[in-house]
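For reference, the structure discussed in these notes is given below.
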Amino acid sequence: MVITTSYHFDYGLTYQSGQYDLNRTIYLAISLQDASNALGNDLHRVTFFNDADVIREVDEVEFLVNHDDHLHARFCTEYHPFDARYDCVN
């Protein structure tokens, strides 16, 4: 997911950009977990993004190098043939 402004796509926008919307990013990060919970399963494992304010506000968000301008959300599956980190085994 690439960070955008509220009115158009603005590639190259980072959490340090003036047009970045912290509240919308927090809302998005929380919505990813809420969507997983609404399905009755805890499928969402982690979201990677480097804004320390978002990390403080949303438990599932973690720092990962080179994630200043986009988010990666990791969801589990019953079985992932190539990477066990995506398996739903807790």
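The values are calculated or read from the model by the stated rules, or taken from the named source; none is laboratory data. This one's a predicted model, so the numbers in the text were calculated from it and none came from an experiment. In this analysis, Cβ positions are derived from the backbone assuming ideal geometry, glycine residues included, and neighbour counts consider all displayed protein chains.
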| Any residue at all in region 43-50 that is surrounded by 16 or more Cβ atoms within 10 Å (Cβ to Cβ), out of contact with any Phe, Trp or Tyr (no Cβ under 6 Å at 6 or more places or on another chain), modelled with pLDDT of 75 or more and assigned to a loop (DSSP other than H, G, I, E, B)? | yes
| field | Subset of region 54-77 that is in contact with a helix residue (DSSP H, G or I) (Cβ under 6 Å, 6 or more places away or on another chain) and not in a loop (DSSP other than H, G, I, E, B) - its residue that is farthest from Ser17 (Cα to Cα) | value | Thr77
